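Structure first, then comments.
The values are calculated or read from the model by the stated rules, or taken from the named source; none is laboratory data. All figures in this text were calculated on a predicted structure; none of them were measured in a lab. Ideal geometry is used to build each Cβ from the backbone, glycine not excepted, and the neighbour counts take in all protein chains shown.
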């Protein structure tokens, strides 16, 4: 297995069609860096929208009120049931066609406070953000719901018996405990979102992928520029994975199970006492 | 306080889960300052009745009054209207409850467990709440465990934190749902001591328990329940020494 990997890496490194020199030239190109920034902004904001929406939808879904429950169900049904690419296209294109003029003011004939062309008001970036964020909300809702359900019923009862309301109980007692179950899949969602943002290139938002596409459309150095994008995506997914690991440790407090050692601690142990109990083997 | 000095009054309380009728008309009362112990085989409805008292379960028929106020409902003429969530919460804030499985908040240490409700529900200032919590934890013998998380405490210690947590709301009635049933035998004593102390301080208590000794020694009144009805009620020493009903005799012969 290792040998095979070595052969592949060696051939990639030595095959000059990959043009590693060109990769180096463009890795920190200002256009690429702007694309990186857009991709990161989209990732962070879409996840923020998704998480906030997800928590609200999950709490609604568990409400005793059937109308509230139904609204949440309908949202999840719709946004999870259609492709995210379609939703991005919808926000990017269809909105300006359906509502070419958007006015802010009192509805039904009241005074107009502001109005403008929908294409200006809803910029393409915001359209991409809406497409990604609203879709993510539906997925996060299910993740948060699973987390809430995982918390023992006795916790709800204890909080209720102390006079706490449903919302207080959720915020102070249940959600902090649900975090342990919510965090790992949310980390996955974030990593997945970082890559999914590349879909906004279809509505001409210059994220990382679209930025390199624009460059290679001009100079035809397709493969090295795609490698540039790949390197950046890999760099950030790696950082996110490490971050996720530490956040998980933080929320594991108060559980009886011991925490796994951090990567740094494991390295120290391996160097000094070789007390590591991991079975090795890897993927083979 | 109600004029007749009753803290708890139940009149014909019925409760069903689907087709299963768990409470078949419970009528009883507890005077202010009294300790009522409830005995009975499992499945007899004692715990369900306890949970009805603070509206964790909704009753299907009958009336439940705590300190003269209807629990969970508002009466207008002949009709009952269910209280809003915030009103139910306000009623519950005056009734403390201790659970068989402790139900401490595992992500908070002992002190945080105790101050949470006073700060969030009653709006007590944090400093005052911390001072009160220290006193309460000291009272249940856990002055040195203030910073410990529930997972670091034994069952008996957790249950005493749970008692302190309930007391922090300064309830007028305390409900105990088999508070020692999940404990190792050697840990039961500390929890019962804390409860005995509470009774001596004049707290009104309803205790569902299998601890016959505690019922005899601390209880002012004993209720024996079976299959959703009150079979026998009276002074603990009287009922335990000379049970009148056959079912009570049969149960006591098995547990004594």
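Summary table below
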| read-out | value |
| --- | --- |
| Selection from the range B:88-116 of residues that are assigned to a loop (DSSP other than H, G, I, E, B), free of Cβ contacts under 8 Å to residues at least 60 places away in the same chain and more than 7 Å from every other protein chain (Cβ to nearest Cβ) | B:108, B:109 |
| Hits in the range B:193-221 (condition: in contact with a helix residue (DSSP H, G or I) (Cβ under 6 Å, 6 or more places away or on another chain), without any contact (Cβ under 8 Å) to a residue 40 or more places away in the chain and farther than 18 Å from residue B:137 by Cβ) | B:216 |
| Those residues of the range A:60-82 which are more than 18 Å from residue A:167 (Cβ to Cβ) and assigned to a helix (DSSP H, G or I), in sequence order | A:66, A:70, A:73, A:74, A:75, A:76, A:77, A:78, A:79, A:80, A:81 |
| Residue list for the range B:197-210, filter: more than 13 Å from residue B:167 (Cβ to Cβ) and surrounded by 21 or more Cβ atoms within 10 Å (Cβ to Cβ) | B:206, B:207, B:208, B:209 |
| All positions within the range B:170-192 that are free of Cβ contacts under 8 Å to residues at least 12 places away in the same chain and outside any helix (DSSP H, G or I) | B:170 |
| Given (1) away from chain A (no Cβ under 13 Å); (2) not in a strand (DSSP E or B), index of the condition residue B:81 fails | (2) |
| Leading residue by the ranking (nearest to the other protein chains (Cβ to nearest Cβ)) among those in the range B:141-169 that are surrounded by fewer than 19 Cβ atoms within 10 Å (Cβ to Cβ) and not in a loop (DSSP other than H, G, I, E, B) | B:151 |
| The listed residue being part of a helix (DSSP H, G or I), surrounded by 15 or more Cβ atoms within 10 Å (Cβ to Cβ), modelled with pLDDT under 90 and in contact with a helix residue (DSSP H, G or I) (Cβ under 9 Å, 6 or more places away or on another chain), out of A:32, A:22 | A:22 |
| Number of the condition not met by residue B:63 [criteria: (1) modelled with pLDDT under 95; (2) surrounded by 14 or more Cβ atoms within 10 Å (Cβ to Cβ); (3) more than 9 Å from every other protein chain (Cβ to nearest Cβ); (4) not in a strand (DSSP E or B)] | (4) |
| Single residue of A:98, A:129 found to be buried (at least 19 other Cβ atoms within 10 Å of the Cβ) and at pLDDT below 95 | A:129 |
| Subset of the range A:244-253 (residues that are modelled with pLDDT under 80 and part of a helix (DSSP H, G or I)) | A:250, A:251 |
| Pairs with Cβ under 8 Å, 6+ apart, first in the range A:1-30 and at positive phi, second surrounded by 10 or more Cβ atoms within 10 Å (Cβ to Cβ) | A:19/A:221; A:19/A:223; A:19/A:224 |
| Residue list for the range B:32-51, filter: without any contact (Cβ under 8 Å) to a residue 60 or more places away in the chain and touching a strand residue (DSSP E or B) at 6+ places or on another chain (Cβ under 6 Å) | B:48 |
| Tally, over the range A:35-48, of residues that are within 13 Å of residue A:233 (Cα to Cα) and touching a helix residue (DSSP H, G or I) at 6+ places or on another chain (Cβ under 6 Å) | 4 |
